[in-house]
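The structure appears right after this line, and notes come after that.
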Amino acid sequence: KGVLDLRDYDFLARGPVEVKGEFEFYWNQMLNPPMESASGEMIYAKVPASWTQLRKEHPEIDRYGFATYRVLILLPERVDEMAFSIEDVYSASGYFLNGKAVDYLGFPGVNKYQTVIRISRPLMIGTVNDEQIELMIRVSNFENHLSGIVGGITMGRVNQMQESREKELFRGHFLIGAFLIIGIYFLGLYLIRTQQYRLYVTLLCFLMAMRVTIIAE
C-alpha cells in the first residue's frame with residue numbers, strides 16, 4: 001500500500017535491500033513534488049513489473065504513455081545518505097527524494113517528442129534529512145514494448161552500493177577476459193590446423209564476451 005517500513009532493518013549487517021511491492025501509481029500524470037498536487041485517480045501498481053499488467057482492471061492504461069510512482073520509505077535512525085541502483089526503467093525517468101530532484105535517466109516527457117530515452121545509470125545518491133523519505137519517480141515510455149519499472153530498485157548505504165558495483169565490474173571484466181583468452185587460443189589452433197569446430201568455439205567465445213560487455217554492470 002505504498003509504504004516500505006525499514007525501521008528495524010540493519011543495513012550494516014544485512015546489506016542493500018530491494019525496494020519492491022505496491023507503489024502508488026498515477027496514470028497519465030506527471031506530478032510535481034509535493035504530492036498534494038495529485039488530482040487524478042491513484043491506484044496501486046506492483047514494482048518491479050510492467051504497468052501493462054494493470055490493463056485487466058484498468059483498460060485505460062496503455063503500453064505507451066506516462067505515469068508517476070510514489071513510495072514512502074521509513075528508515076532506521078542515523079541514516080543521512082542513501083544510494084539507489086536502478087535497473088531497466090523504460091524508457092525515461094526522473095527521481096525525487098522528499099521533493100528534491102536526485103537524478104534523471106534521460107528526460108520523461110508527456111509525449112514522444114518531449115521524451116529523451118536513457119535506461120540505466122551506475123548509482124544515484126541522495127541526501128536523507130528525515131527518518132522517512134518519499135521516493136517519487138516519473139516514468140514515460142513511447143518507444144519500448146515494456147513500460148514502467150521493470151528491472152527493479154535496490155537501495156543501501158553508499159559504501160555498500162559502491163562495493164557491490166565494484167564486485168560486479170570485476171566479475172564482468174573477468175568474464176570478458178576469460179572468453180577472449182579462450183577465443184584467441186582456439187583461433188590460434190584453427191590457424192595451425194583448420195578444423196571447423198575450433199572456429200565455432202572462437203566465434204562463440206567472442207560473442208559471449210560481447211554479450212557480457214552489453215548486459216553486465
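Summary of values
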{"read-out": "Residue ID - surrounded by the fewest Cβ atoms within 10 Å (Cβ to Cβ), chosen from residues in the range 44-92 that are under 14 Å from Trp27 (Cβ atoms) and small (Gly, Ala, Ser)", "value": "Gly65"}
{"read-out": "Qualifying residue in the range 31-43 (condition: part of a loop (DSSP other than H, G, I, E, B), under 19 Å from the mean Cα position of the chain (by Cα) and of a type outside the set (Phe, Trp, Tyr))", "value": "no"}
{"read-out": "Odd one out for Phe179 among (1) outside any helix (DSSP H, G or I); (2) open to solvent by 40 Å² or more (accessible area, probe 1.4 Å)", "value": "(1)"}
{"read-out": "Residues located in the range 54-82, provided they are out of contact with any Ser or Thr (no Cβ under 9 Å at 6 or more places or on another chain) and of a type in the set (A, V, I, L, M, F, W, C)", "value": "Leu54, Val71, Leu72, Ile73, Leu74, Leu75, Val79"}
{"read-out": "3 or more residues among the small types (Gly, Ala, Ser): qualifying strands (runs of 3 or more DSSP E) within the range 56-115", "value": "92-97"}
{"read-out": "Matching option when the condition is under 30 Å from Phe11 (Cβ atoms), touching a residue at least 24 places away in the same chain (Cβ under 8 Å) and surrounded by fewer than 15 Cβ atoms within 10 Å (Cβ to Cβ), among Glu143, Glu166, Glu131", "value": "Glu131"}
{"read-out": "Residue within the range 193-210 that is part of a helix (DSSP H, G or I), in contact with a Cys (Cβ under 8 Å, 6 or more places away or on another chain) and surrounded by 12 or more Cβ atoms within 10 Å (Cβ to Cβ) present", "value": "no"}
{"read-out": "Some residue of the range 4-25 being in contact with a helix residue (DSSP H, G or I) (Cβ under 9 Å, 6 or more places away or on another chain), surrounded by fewer than 16 Cβ atoms within 10 Å (Cβ to Cβ) and in a strand (DSSP E or B)", "value": "yes"}
{"read-out": "Residues being among the hydrophobic types (A, V, I, L, M, F, W, C), open to solvent by less than 70 Å² (accessible area, probe 1.4 Å) and assigned to a strand (DSSP E or B) - total across the range 116-128", "value": "2"}
{"read-out": "Pairs, first β-branched (Val, Ile, Thr) in the range 103-119, second open to solvent by 90 Å² or more (accessible area, probe 1.4 Å), C-beta under 8 Å, six or more apart", "value": "Thr115/Phe107; Thr115/Glu143; Val116/Phe107; Ile117/Glu143"}
{"read-out": "Residue within the range 148-157 that is more than 16 Å from the chain's Cα centre (by Cα) and within 18 Å of Asn32 (Cα to Cα) present", "value": "no"}
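The values are calculated or read from the model by the stated rules, or taken from the named source; none is laboratory data. As the structure is a computational prediction, the values presented were derived from the model and not from experiment. Glycine gets a Cβ as well: all are built from the backbone with ideal geometry, and neighbour counts include every protein chain shown. SASA here: full protein model, heavy atoms, side chains in, ligands and nucleic acids out. Shrake-Rupley method; radii C 1.70, N 1.55, O 1.52, S 1.80 Å.
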